[in-house]
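We did not get these values from a lab; they are worked out from the coordinates using the rules stated. What you see is a predicted model; the values in this text were computed from it and never measured. Heads up, the Cβs are rebuilt from the backbone with ideal geometry, glycines too, and the neighbour counts pull from every protein chain shown.
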Amino acid sequence: MKKLFVLLILSIPVLASAQSVGINTDNSTPDATAMLDIKSNNKGLLIPRITTAARTGILSPAIGLTVFDSDTYSFWTFRGDIMGGWVETLHTLDKHWDRTGSNIFTTNGSGNVGIGTSTPTEKLTINATDPSISLLNAGTAKGFLQSTGNHIKLGTYNANTTGSLVFNTRDIDRMFITPAGDIGIGISNPVGRFQIGTGDDASATTHGYLMMGPANGENLVLDNNEILARNNGVVSTLFLARDGSKVQLGNGAEGTGTKLHIASGNDVGLPNNLSGYIMMGSQTGVNMVLDNNEIQVRNNGAASYLYLQNGGGNVFIGDATNFNSAHRLGVDGNTVITGNLRVGTTVTPSGYKLAVDGKAICTELLVRLVPNWPDYVFNKNYKLPGLNEVEDFINKYKHLPGIPSAKDLETNGLNIGEMQKLQMEKIEELTLYIIELKKEVEKLKTQK
């Protein structure tokens, strides 16, 4: 074998000049800038060919050794820089490995770079569990871009207590998310969870602060104190919960099945101009105010008039099944009136609760009387007037004793309860007269 090796060496023209070696070089002069200068149109340098197992078993001091891996069909160089390990180099694919043999990143002929993948599909493709890109400013971590599960996160680190997430267009900061999580559009220091700092007042022609929908179709526009619905620049109808959901104002439990629920506010009071849950009208003028169980009409804080169906129509309270258009007011259920009630008149005589100007009809009337019903007539100590005495009173006054005269009834009216009492008194007296007459009749019969 030694003789064969020598013969091979001698068969190759080798020229040395100034510590440079030339193989098949022109004019027998190697390039002085290279230690080994090989020139050939069809022959090259044969790199050692070994298996992957044999290659990975080679360690330092083989720094700089280049071999051809017969398993991967690629060239490998054992690196001596700080990264260490083997580097794989192909014409169309470069893979870079760490000291443990794990792939760091890959490049292919399209110019794509892959980290954790040998088939990058974009200019930068990262394949890992919850991959993250950390953004540092002068060596201090400030923010990151991360894929975690199905989510993509762009944010600041917890230690960055003063930095905001800023979105910029045309070199102008447009949108801000503060460390507290407040969002501002056109304002860098929003004071609420979401604040739009600039925009146009909503109208039929301008865009407002916030617009939802196409500019040339149906849209909803908001400015700092107005909500406006438009259709192609013309004012349109604003719908709330049109498809069956609910609208709630204030803090409280949601009203099941309620379309509009105002959950909180101040009870209606006088003369507090700002009280109530909802107000319609001017605070310093005529307004109607509602709280959780009251309707109050005021005029500059003072009580005013409440009109129902003033321009016509009926008012029904409760089930309206038994009412019709002829009934101006219908109440289904019990009704309690603690004050005076007037029917057909605007005046209630003093001392009375009900005044009716006209006829009244009922199928049954119950009058509750004060005590002293005329059963006292049947007491033994009751002085029954004599018939002669009664006759003299009738002849003189033209009415029964204790019974109001026609003139009295014309002047003062008929008290049904009192009249029933007086009539019963006379009936009981007549009963006693009849009993006495019967006794006298019986006595006369026995005398015959």
Study note, to complete from the structure: The extension gain from F316 to M280, computed as 0.36 nm times the residue separation minus the Cα-Cα distance, is 10.7 nm
Review point. If you line up the long axis of helix 387-397 against the longest principal axis of the chain, both from Cα atoms, how many degrees apart are they, to the nearest 10?
Key: 70 degrees
Revision key, fill the gap. With a ≥ b ≥ c from the Cα gyration tensor eigenvalues, square-rooted, and the rule rounded for a/c under 1.5, otherwise prolate when a/b > b/c and oblate otherwise, segment 369-447 is oblate
Check your understanding: When only C-alpha pairs under 8 Å and at least 6 residues apart count, what is the relative contact order of segment 369-447, in percent?
Key -> 39 percent
Practice item. Could you work out how far apart the two model spin labels at R174 and H327 are, taking each label as a point 7 Å from the Cα in the direction of the beta carbon, and quote it in nm? Key: 6.3 nm
**Study point:** 0 to 90° range, to nearest 10: angle between helix 416-447 axis and the chain longest Cα axis
**Key:** 40 degrees
Revision key, fill the gap. Whole-Å distance linking the alpha carbon centroid of segment 132-173 with that of segment 306-349 is 69 Å
Practice item. Would you mind telling me the antiparallel percentage of the DSSP bridges in the chain, rounded to 5? Key: 75 percent
Practice item. Please work out which option in (i) 22.6; (ii) 34.9; (iii) 37.5 gives Kirkwood radius over Cα pairs in Å calculated from these coordinates, and answer with its label. Key: (iii)
Point to revise | Rounded to the nearest 20 debye, dipole of the chain from Cβ charges on Lys, Arg, Asp, Glu | key: 700 debye
Study note, to complete from the structure: With R₀ set to 35 angstrom, the calculated FRET efficiency between the beta-carbons of A159 and T198, to the nearest 0.05, is 0.65
